[in-house]
Amino acid sequence: MDLIRYPDDERPAGWSSPVLALGNFDGLHRGHMKIVERVRRTAEERGATPVVLTFDPHPTRVLRPDKAPQVLMTEAQKSETLAAAGMRGLAVVRFTSELSRWDPETFVRLVLVEWLGVSEVWVGANFLFGHGRAGTFAVLHALGERYGFRADKIDPVCVRGEAVSSTRVRRLLAEGRVGEAGVLLGRHFYLDGDVVAGDGRGRQIGYPTANLRTDNELVPPNGVYATVARTPDGLLPAVTNIGVRPTFGGGGAVSIETHLLRGGRDLYGARLRLYFVQRLRAEQAFSSPAALVARIEQDCRDAGLLFGRISV
C-alpha cells in the first residue's frame, strides 16, 4: 500500500480516480471499517483506487492540546489494518495551525481535488471539517457538485443502542474493560513493541515474563489481563501484568510483563504483539512473595479456563 503525505508528496501515478474514505479513523473501529469496506467495494466496481485520508497529528493536539486524547493506534498499525482491508493508498495530511484556519472549500480544493484528484468521497454521518468545523456533509456534497466528485456518507454502527466511536472505545479501555472495547473495535485491542530486559524477578519466582516496551500511546490501566501474544513462534495464550509491582516496593515506571501459559522460547529482543482479551483483576500488593505466587497461579488457572472456552 502506498503512503503519501501532504504537502510533501505527489499523488502516485498509479492511483486511478481515487475513491476516498475521509476522517480521523483513530482505532479503525467497526464504524470506521464500515466506511472502508464501502470504499473498497465501490472502487472495485469502478476500477478505481481505494484510498483513506487521515490527519497527523490528531487535530485536537493542535486545536486543544490540553484535551487531546491518546491515540488508539500507531500509524504503522493503521497502515497494516487498512492494507489488510483492501486499501491501496493512505494519504496523511499534516495538521497544522495554518491548515486549521482553512475554510471547507480551501481544504476540498487544495487537498481533495488538486492533490488527490478524487472521484468520490465517503465520510461518517457526523464528520466535520474546516475552520470552526463548518464543513458538514451538506457542505461537502455541494462542493463535490462544484468540483466534480461524488460525496456520500455512512450511518454510524450502533452497539447496545449507542454509536460506536473512538471516544467510547477509549473510555472502556481506561476502565480496563478490554473485552467490551474489543466488541466495538471488531477485534481485540492490541499493543506492539519490543521485548526488553527486565530485572528477572518473574523468573526467580517461577513465572518468567517478557517485558514489553510498547510503541502505543494508550495502554490499559494497571491490572492483570488474559492476553494472547503474537510471537515468532505463533499465537500463544498468556497472562499480562501492567503496573508497578507493589509487592516489591512499587514506584517507578509502569511495566508490561507477559507470562506465556504454554512456554515458548526466550523472547528477549523479539517483536511482540499483545492482544487483550479480558481483565482478570486489579493490581494489588501481597503480604509476601509466596502470596503473590499463589495469586499468579490462580490468575493462570483463570486465564486457562477462559482460553478453554475460546479459540486462540
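The values are calculated or read from the model by the stated rules, or taken from the named source; none is laboratory data. Here the structure is a predicted model, which is why all the values come from computation and not from measurement. Here the Cβ positions follow ideal geometry from the backbone for every residue, glycine too, while neighbour counts run over all protein chains shown.
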Selection from the stretch 137-192 of residues that are touching a Pro at 6+ places or on another chain (Cβ under 7 Å) and within 30 Å of Ala210 (Cα to Cα)
Arg170, Leu173, Ala174, Gly176, Val178
Is it true that some residue in the stretch 268-276 is surrounded by 14 or more Cβ atoms within 10 Å (Cβ to Cβ), touching a Leu at 6+ places or on another chain (Cβ under 7 Å) and not basic (Lys, Arg)?
yes
Being of a type in the set (D, E, K, R), in contact with a helix residue (DSSP H, G or I) (Cβ under 8 Å, 6 or more places away or on another chain), touching a residue at least 60 places away in the same chain (Cβ under 8 Å) and over 16 Å from Lys153 (Cα atoms), is that true of even one residue in the stretch 21-32?
yes
Enumeration of residues in the stretch 10-22 that are under 19 Å from Glu75 (Cβ atoms) and buried (at least 23 other Cβ atoms within 10 Å of the Cβ):
Leu20, Ala21, Leu22
Inside the stretch 197-218, the number of residues satisfying the requirement of being surrounded by 16 or more Cβ atoms within 10 Å (Cβ to Cβ) and modelled with pLDDT of 85 or more is 8
Among the residues of the stretch 260-304 satisfying the criterion of being part of a helix (DSSP H, G or I) and within 28 Å of the chain's Cα centre (by Cα), which is nearest to Gly179 (Cα to Cα)?
Ala303
Would you confirm whether any residue within the stretch 54-72 is assigned to a loop (DSSP other than H, G, I, E, B), among the aliphatic types (A, V, I, L, M) and in contact with a strand residue (DSSP E or B) (Cβ under 8 Å, 6 or more places away or on another chain)?
yes
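Residue-wise test of (1) loosely packed, with under 15 Cβ neighbours inside 10 Å; (2) touching a strand residue (DSSP E or B) at 6+ places or on another chain (Cβ under 8 Å); (3) aliphatic (A, V, I, L, M).
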{"position": "Glu105", "(1), (2), (3)": "no, no, no"}
{"position": "Leu116", "(1), (2), (3)": "no, yes, yes"}
{"position": "Ser119", "(1), (2), (3)": "no, yes, no"}
{"position": "Val123", "(1), (2), (3)": "no, yes, yes"}
{"position": "Arg133", "(1), (2), (3)": "yes, no, no"}
{"position": "Phe137", "(1), (2), (3)": "no, yes, no"}
{"position": "Phe149", "(1), (2), (3)": "no, yes, no"}
{"position": "Asp155", "(1), (2), (3)": "yes, no, no"}
{"position": "Ser165", "(1), (2), (3)": "no, no, no"}
Write out, first by first residue and then by second, each pair whose Cβ atoms fall under 6 Å of each other, whose residues are 6+ apart or on separate chains, and whose first residue, in the stretch 285-312, is in the same structural domain as Arg273 (by TED's automatic domain parsing) and surrounded by 11 or more Cβ atoms within 10 Å (Cβ to Cβ) while the second is at pLDDT 90 or above and of a type in the set (Lys, Arg).
none
Just one of (1) within 23 Å of Ala43 (Cβ to Cβ); (2) aliphatic (A, V, I, L, M); (3) without any contact (Cβ under 8 Å) to a residue 40 or more places away in the chain trips up Val62, so point out which.
(1)
Taking the conditions exactly as written (surrounded by fewer than 19 Cβ atoms within 10 Å (Cβ to Cβ) and either at pLDDT 85 or above or over 26 Å from Gln77 (Cα atoms) (or both)), does Pro246 satisfy them or not?
yes
Residues that are within 18 Å of Glu217 (Cα to Cα) and acidic (Asp, Glu): does the stretch 23-38 have at least one?
yes
Among (1) at pLDDT 95 or above; (2) aliphatic (A, V, I, L, M); (3) out of contact with any Leu (no Cβ under 8 Å at 6 or more places or on another chain), the one test that Leu63 misses:
(1)
All but one of (1) without any contact (Cβ under 8 Å) to a residue 40 or more places away in the chain; (2) closer than 28 Å to Val183 by Cα; (3) basic (Lys, Arg) hold for Arg38; which doesn't?
(1)
Please go through the stretch 258-296 and give me each residue that is over 24 Å from Leu191 (Cα atoms) and either modelled with pLDDT of 95 or more or of a type in the set (Gly, Ala, Ser) (or both), ordered by number.
Ala285, Ser287, Ser288, Ala290, Ala291, Ala294
